[in-house]
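The values are calculated or read from the model by the stated rules, or taken from the named source; none is laboratory data. This structure is a prediction, so every number in the text was calculated from the model and none was measured. Every residue, glycine among them, receives a Cβ derived from its backbone with ideal geometry; neighbour counts consider all protein chains shown. For accessibility, only protein heavy atoms count, side chains too; no ligands or nucleic acids. Shrake-Rupley method; radii C 1.70, N 1.55, O 1.52, S 1.80 Å.
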Amino acid sequence: MSKPSSQRLAGKVAFVSGGSAGIGAATVMRLAEEGAHVVFCGRRPEPLQAVMAAVEAAGGRAEAVQADVSDEAAYTAAIEDAARRHGRLDILVNNAMAFSWGPIEATSTETWRSNFVTSVDGTFWGTRTAMRLMKARGGAIINVSSICGTLGTPQMAGYSAAKAAVINFSRSAAAEGAADGIRVNVVIPAVVETPATAGMLADAAARRSTEALIPMGRVGQPEELANAILFLASDEASYVTGAALPVDGGRSALLVTALG
């Protein structure tokens with residue numbers, strides 16, 4: 001494995017959406033490193049198989065499933081099938097997302113709604129399915145939001161609104177699931193070095209201006225988000241539910257001013 005493992009998830013079954021790249025792929029690797037049997041989904045077979053090969057090469061256990069999170073039937077069936085085949089579901093990570101870019105005045109209703117299907121509807125479908133499956137023995141659900149859901153982001157109104165919805169939906173789910181031992185938490189990344197940000201970060205000037213707004217002076221790495229997700233999925237977070245945890249190098253703590 002890539003680092004010493006405590007096997008803190010030994011015997012547990014996890015499902016990760018959007019697991020073929022970026023934060024999702026790093027999460028699949030990290031949960032598998034800690035002993036979980038990880039089922040993960042994505043839309044394209046080639047990236048799924050690449051992550052699968054990496055997990056197996058590291059000695060972990062995982063299964064790749066081709067499923068589109070924006071398709072309710074396909075996504076819920078993938079989760080239910082994983083639980084049926086393995087006899088349980090202990091961890092769900094709703095990581096898949098989609099976004100549009102552009103000014104509000106030029107955004108069509110169709111484009112606006114496209115931001116919600118994967119990020120909000122998919123999170124709802126996955127959480128609802130997991131809560132039903134986890135009702136007997138409890139479990140952990142971790143939903144991935146974004147700093148765009150806590151701070152206003154020009155040109156990304158739809159995505160920002162969707163990611164804000166994920167945070168408050170998760171609080172409601174935490175309140176409902178607590179009696180059954182189901183914990184629901186959120187991680188909130190800012191800029192992370194993933195395929196989705198590769199274009200922006202490839203420009204040296206854009207990268208410098210981005211990093212200048214982060215107190216730690218650098219963008220995040222997918223593994224750093226995966227570590228936070230691992231904590232919230234583990235028994236070490238047994239009394240943590242309804243939390244929204246920024247994992248952003250201090251970006252959300254910084255008030256940008258003319259003096260700053």
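Taking the criterion of being among the aromatic types (Phe, Trp, Tyr), part of a helix (DSSP H, G or I) and crowded, with 21+ Cβ neighbours inside 10 Å, would at least one residue in the stretch 157-177 satisfy it? Looking for residues that are among the aromatic types (Phe, Trp, Tyr), part of a helix (DSSP H, G or I) and crowded, with 21+ Cβ neighbours inside 10 Å, one finds at least one in the stretch 157-177, hence yes. Cβ separations smaller than 6 Å between residues 6+ apart or across chains give no pair from the stretch 164-179 residues that are within 16 Å of LYS135 (Cα to Cα) and hydroxyl-bearing (Ser, Thr, Tyr) to residues that are assigned to a helix (DSSP H, G or I) and open to solvent by 10 Å² or more (accessible area, probe 1.4 Å). THR194 fulfils the conditions (1) open to solvent by less than 30 Å² (accessible area, probe 1.4 Å); (2) not in a loop (DSSP other than H, G, I, E, B) except for a single criterion, (2).
If you take the residues in the stretch 178-191 that are in a loop (DSSP other than H, G, I, E, B) and closer than 16 Å to THR150 by Cα, which one is least open to solvent (accessible area, probe 1.4 Å)? Full working, then the answer.
Taking the stretch 178-191 first, the residues in a loop (DSSP other than H, G, I, E, B) are 181, 190-191.
If we keep only those that are closer than 16 Å to THR150 by Cα as well, we get 190-191.
On the way: ALA190: 25, VAL191: 41 Å².
Among them, the one singled out is ALA190.
For beta carbons closer than 9 Å, sequence separation of 6+ or different chains, a first residue in the stretch 113-130 that is of a type in the set (D, E, K, R) and in a helix (DSSP H, G or I) and a second that is surrounded by fewer than 20 Cβ atoms within 10 Å (Cβ to Cβ) and at pLDDT 95 or above, the qualifying pairs are ASP121/SER70; ASP121/GLU72; ARG128/THR76.
One residue alone among ARG137, ARG218, ARG208 is assigned to a helix (DSSP H, G or I) and surrounded by fewer than 16 Cβ atoms within 10 Å (Cβ to Cβ), and that residue is ARG208.
The C-beta contact set for the stretch 186-206 (first residue at pLDDT below 80, second residue charged (D, E, K, R), distance under 8 angstrom, 6+ apart or interchain) comprises MET200/ARG207; LEU201/GLU193; LEU201/ARG207.
Condition test on ALA32, is it open to solvent by 50 Å² or more (accessible area, probe 1.4 Å), closer than 22 Å to ARG84 by Cβ and either touching a residue at least 12 places away in the same chain (Cβ under 8 Å) or outside any helix (DSSP H, G or I) (or both)? The answer is no for ALA32. Cβ-Cβ distances below 9 Å connect the following pairs, each with a first residue in the stretch 222-243 that is open to solvent by 30 Å² or more (accessible area, probe 1.4 Å), a second residue that is part of a loop (DSSP other than H, G, I, E, B) and charged (D, E, K, R), and a separation of six or more residues or different chains: ASP235/ARG8; GLU236/ARG8. How many residues are open to solvent by 50 Å² or more (accessible area, probe 1.4 Å) and either aliphatic (A, V, I, L, M) or in a loop (DSSP other than H, G, I, E, B) (or both) if we restrict to the stretch 78-106? Going through the stretch 78-106 one residue at a time, the tally reaches 8.
Taking the criterion of being under 19 Å from the mean Cα position of the chain (by Cα) and either open to solvent by 60 Å² or more (accessible area, probe 1.4 Å) or aliphatic (A, V, I, L, M) (or both), the residues of the stretch 51-76 that qualify are VAL51, MET52, VAL55, ALA62, ALA64, VAL65, GLN66, ALA67, VAL69, ASP71, GLU72, ALA74.
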